[in-house]
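A short worksheet on the structure shown next.
FYI, it's all coordinate maths here, none of it is from the lab. Worth saying up front: this structure is predicted, and the values here are computed from it rather than measured. Using ideal geometry, Cβ is built from the backbone for each residue, glycine included, and neighbour counts are taken over all protein chains shown.
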Amino acid sequence: MAKVQVLNVAVLDNPSPFGNPFQFEITFECMEDLPEDLEWKIIYVGSAESEEYDQVLDSVLVGPVPAGRHMFVFQADAPNTGLIPESDAVGVTVVLITCTYRGQEFIRIGYYVNNEYTDPELRENPPVKPNYTQLQRNILASNPRVTRFHINWEATLDKMEDSENVDPAPNTMLPPTSMPSKAPPLGLMPDNSMDCL
Amino acid sequence: MKLLKPSWVNHNGKPIFSVDIHPDGTKFATGGQGEDSGKVVIWNMAPVLREEDEKNENIPKLLCQMDNHLACVNCVRWSNNGLYLASGGDDKLVMVWKRAAFIGPSTVFGSSSKLANVEQWRCVMILRNHTGDVMDVAWSPHDVWLASCSVDNTIAIWNARKFPEIVMTLKGHTGLVKGLTWDPVGKYIASQADDHSLKVWRTMDWQLETNITKPFSECGGTTHVLRLSWSPDGQYLVSAHAMNNSGPTAQIIERDGWKTNMDFVGHRKAVTVVKFNPKIFKKKQKNGSTPKPSCPYCCCAVGSKDRSLSVWLTSLKRPLVVIHDLFDKSIMDITWTLNGLGLLVCSMDGTVAFLDFSQDELGDPLNEEEKNAIHQNIYGKSLAIMMGSQLSSTIIENPEMLKYQQERQGNQNPNGAQASGPENQTPKLTNVLNGESLEDIRKNLLKKQVETRTADGRRRITPLCIAQLDTGDFSPALFNSVPILPGSSASTQLIPQISSDSSTANSLGLRPSHDPTSTSPNKTAEDNKDSGTAAVNSIGMKSNLLLTSASKIEPMKALDSRFTERSKATPGVTSVLHDNRVKDSSSVKEPKGKDETSSDSEDKIVVKSMTKRKGEMEGAEVVEKRKKGRPRKDTPVSLEKEPSRLTTPVALLKLPTPSIQKSFSTQVSTDGVTYLEVENEVSVVSGSRLSQLKWSREGREWDTLLPSRIIIATGSSDVVAVACEDRTLSVFTACGRRLIPSIMLPAPMSALHCSGHFVMALTASATLSVWDVQKQTALVKNESLNPILSGTEATVSQSFLTRQGVAVVSLSNGKTYCFNSSLETWNLIADKQDSLVQCTDFRSCVSSQDALGSMGPLALTQGRNLSAGRLASRLSSTPHHLQQGMTLAFLEKQLASALILLSASEYRHWLLIYARFLVNEGYELRLRELCQDLLGPVHKSSSSSWETTVLGLRKRDLLTEVLPVIGQNLRFQRLFTEYQDQLELLRLK
């Protein structure tokens, strides 16, 4: 079980102009004192088409983390507009908050983000070159997508094999074609029997 | 019989693998597959039982859901006391849950279900041991142990009072272990596995009692679980999947001889689960009919892969009821209500069914007393474990006892959290909010939170601790509350603030030097930092983004995948991060002092200086400090002058003698700092060299002269003793008056000790003498150390004299002896190799206020050794009865040793521990003997040799201390009353 559980993420300053910094108030709970810092990142998905347009808006270390419940506000600058493909500036995209411990990602929280012109005129006839000053960013705060990963929390062991770090379950937003069913336990089962993705 | 399938009990269509009704009947738990994890759900029972409650929207159905298990949950089981829920899953973990009373409604963050949890159950313990999926868990009667079995072929027995301690791992199965059941009497635990066997293990020594294979030889490993069950009267054990003539059965195994003559037949596919009704029934007496004496019988539900359920009474040849097509898939688990009339069944198809029987159908359930009577008839009193829940039904027979019990409860209540059991594990909650409301904190969190820069320019935030573990005083308001929207002005103000922070960090020079070959993003970040503008920093982070085109994918789908795909580790960041962590943390300014790392360095310095000082103190006390002055050459002149020394037979010199020093000083007696200073050969008067002994205490001092060089000088608060080179011993009062003329010793002095009026001399020829210089008597007269030294290579490593004048000698082989002057024997009081010490475990009998009483000569000789023994007992898994015996032997030895050392406080200390141990483990005879000795004869008779005191402690006072200890166990209430009354009687006299 994960030593760190994210209890809540509140999206602050939302909706806001496109250029405003992102602000997430993160509440998490830690089962025991962590000897190392947690690393949080905000990743802005510039284009749905490729990961290469992803921007790490910022990454912070959070620590020290003694056992208990903690909160902090993670603020990061708005994405660099120069790195966003013009065709993807307006519309729905995603912002991700990830947390890693000892270099291993154990939680990924995703929000849909809708970038829209507030001005009805611009909305009707959007300029070819996006006008970022007129864009409003609206994070769909009520509907976070949380994915948890199984990681090795201890320092003594080597890092787990990547093959073990498979998403423990299919995402809820995927078409339910490959719902996991309990495989009959014949002989040795793989460490994670939910590898059906 | 009524049948109901509450559709609202579901895991969103995912399979439900386990169901268990809470002992109080108000709720039940289900375990199975969740959306992205394993899932445990606690449901309200009322809407299942009553239709009006089901329709009433104000009555919650779902009480709590927990998705902490990373993979499917195979089993959920409530503890018998209802305080805990244990769950085991495919993530190889067993989790123990406890209800947290103080937290308001919450949801699981990110779960699609927006239903708030009504009750808050939190994981208080994670038990990691299994290397494969955990298939079944079971609490022992009275919740002493928790057993879990796994596909790793083992069964783990956990100490439910000291989680996560493992009592034993039962190994022997050669296949996946898929079911567990405890004998209701507590003598056995049975397990069924895919290796075609059912094994019964003894709880006494955790060894295999029997291995039953015959009925299972034809079985294939086709069922997900094999949940077997033991009848409430303990007489029958019923297996899951067995085969008889190629037909699936549930095998009945008789306790008596483990005979396998009967089975439940009729299911068309393998039996997955068997569950006995917790009640024993007797025939319903119809009004008017003549009451016929009838045998009590049990009731059993059997679930199968063939999707049908059968309910059997042991008094009937055929099943009471069979229900086909109850589910679409295999039945996975069955649970009865405690009253024995209700039954919940769950299935792989993700639904549950509730069966409601009437007493007409099942019969009259026996009450607990009648059930206990049956147990007593069959097994006798001795088998039943006398534990809390049973004791609560024991009648308190006397008002004194009642009063005592009430007082005890009253004392316990204020600090109930510290009571024994797993509650212990829960750290106490502390509010660190200092009265500030959470809303206030949230408003200013961004401004208030401590943010620093690490050496490589990364932001580091110190999170605000809003509640310590566990259950928390955490305001429910936080969850799902509308976020407070800080004005945009507030957020823009932040930037300069951060940069100023970082620049101060810079100016303080806390930045360590860098490897010039560090990766470019970091370097950029550093450069940015140097220029003092934090805002530019993010560019550095972005510089590693690559801009290349990609194939066209439908946007939404592509976005979806982003939620789950793991990001690649930012290269170069983490490695540098680790290098700088330590230095970085020291720069963090923590207002709350909660920062462990930052305060660490300071602490260490303090500790260092402390130990140093301590070392000096000790040095002053013990070690003879060599003063300045030339190292003295051994002059042959002195030898010539004292030819007597040469006559000493060298062969007899077994013990080393200290070398003669020109001058030395020692500190003696701790009350009032007293120094003894010796200066040999201060002056030569008419050919003989004189030595000076100087005594000083708080400004007062005296000195005296001795005709021979002084080898050892020591003293107590009352006397000063000096041994000289010419084998004489001189004793002075604290004021410098000579008490006795020089004592001539048979050999040179090896060690000399003073304590009170006692002087102890250990000569080089290995003889011991102890004198009481006040009474001018010899306690020990030239006693040889041969009995303890012969046959060993050991020498005396340490010796001392207790305040009571008992000489203690430690040898280099780890053994410590004292000489008992009345028996005139050497007695072994401590042995570092003693195996008894290694295996004793009496920690539970030591109370915190006992710590003071344990100081004394006994602790001095064995102190560190003792704690090592305690540790060893935790590491090795000695069978309980063996450990019990060893602990008893050890404690009795301690008691005797304290007695022979005349150490009253230690005697009292060990007496109380001994009494507690006897009470805990139920040694009645020994307790009675102890009490009898402490009480003594009630009527005085001249022939009685009973002493009223032991080591100056009044025995009856000790008894008054011991009695409350005895009163803690209701089982000994007769004993308690008996001695309480007699004590009272004596007091009146």
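Using 1/(1 + (r/R0)^6) with R0 = 45 angstrom and r between the beta carbons of B:Asn782 and B:Tyr923, what's the FRET efficiency to the nearest 0.05? About 0.55, to the nearest 0.05. When the pairs B:Lys162/B:Lys832; B:Lys61/B:Lys269; B:Lys98/B:Lys275 are compared against a 30 Å limit on Cα-Cα distance, B:Lys61/B:Lys269 fall above it.
A Förster radius of 25 Å, combined with the Cβ-Cβ distance separating B:Met262 from B:His324, puts the computed FRET efficiency at roughly 0.60. Distance between the modelled labels on A:Asn138 and B:Val938, one decimal in nanometres: 9.0 nm (7 Å Cα→Cβ projection). When all alpha carbon pairs of the range B:111-241 are counted in 10 Å bins from zero, the resulting P(r) reads 12, 42, 29, 12, 4, 0 %. On the beta carbon distance between B:Gln774 and B:Leu690, with R0 = 22 Å, the FRET formula returns roughly 0.20.
Shape analysis of the range B:749-842 yields a ratio of the Cα radius of gyration to the Kirkwood radius, Rg/Rh, of 1.01. Taking a Cβ cut-off of under 10 Å around A:Val60, the surrounding Lys, Arg, Asp and Glu residues balance to a net charge of 0, with basic ones at +1 and acidic ones at -1.
Residue by residue through B:451-458, how many Cβ atoms from other chains fall within 10 Å of the Cβ on average?
Numbers: counts 5, 1, 1, 3, 0, 0, 0, 6.
Mean shielding by partner chains, rounded to a whole number: 2.
What net charge is computed for the residues neighbouring B:Glu701, neighbours being all others with C-beta under 13 Å from the C-beta of B:Glu701, Lys and Arg scored +1, Asp and Glu -1? The partial results should precede the final answer.
Values: positive: B:Lys694, B:Arg697, B:Arg700; negative: B:Glu677, B:Glu698, B:Asp703.
Result for the local shell: 0.
Classify the range A:1-159: rounded, prolate or oblate, from the alpha-carbon gyration tensor (a ≥ b ≥ c, eigenvalue square roots; a/c under 1.5 rounded; otherwise prolate if a/b is larger than b/c)?
Working: a/c = 2.81, a/b = 2.16, b/c = 1.30.
In terms of gyration-tensor shape, prolate.
Extension gain for B:Leu985-B:Leu338 works out to 228.1 nm (0.36 nm per residue, less the C-alpha to C-alpha distance).
With one equal scatterer per alpha carbon and no solvent term, the Debye-computed log10 I(q)/I(0) for the range B:247-364 at 0.14, 0.22 1/Å reads -0.61, -1.27. Local charge sum around B:Trp826 (other residues, Cβ-Cβ under 11 Å, Lys/Arg +1, Asp/Glu -1)? Every neighbour counted, the sum reads -1. Hydrodynamic radius of the range B:670-773 by the Kirkwood approach over all distinct alpha-carbon pairs: 13.8 Å.
If you filter the range B:298-372 for trypsin sites (Lys or Arg not before Pro), then keep DSSP loop positions with at most 11 other Cβ within 10 Å, what is left? Intermediate results must be reported in sequence, preceding the final value.
Details: sites: B:Lys305, B:Arg307, B:Lys317, B:Lys329, B:Lys371; in loops: B:Lys305, B:Arg307, B:Lys317, B:Lys329.
Listed in order of number, the matching sites are B:Lys317.
Using the average count of surrounding beta-carbon atoms within 10 Å as a protection proxy, the listed peptides B:224-236, B:203-215, B:63-75, A:121-133 rank, highest first, as B:63-75, B:224-236, B:203-215, A:121-133. Between rounded, prolate and oblate, where does the range A:62-118 land on the alpha carbon gyration tensor, with a ≥ b ≥ c its root eigenvalues, rounded for a/c under 1.5, else prolate if a/b exceeds b/c? Judged from the Cα gyration tensor, the range A:62-118 comes out prolate (a/c at least 1.5, a/b above b/c).
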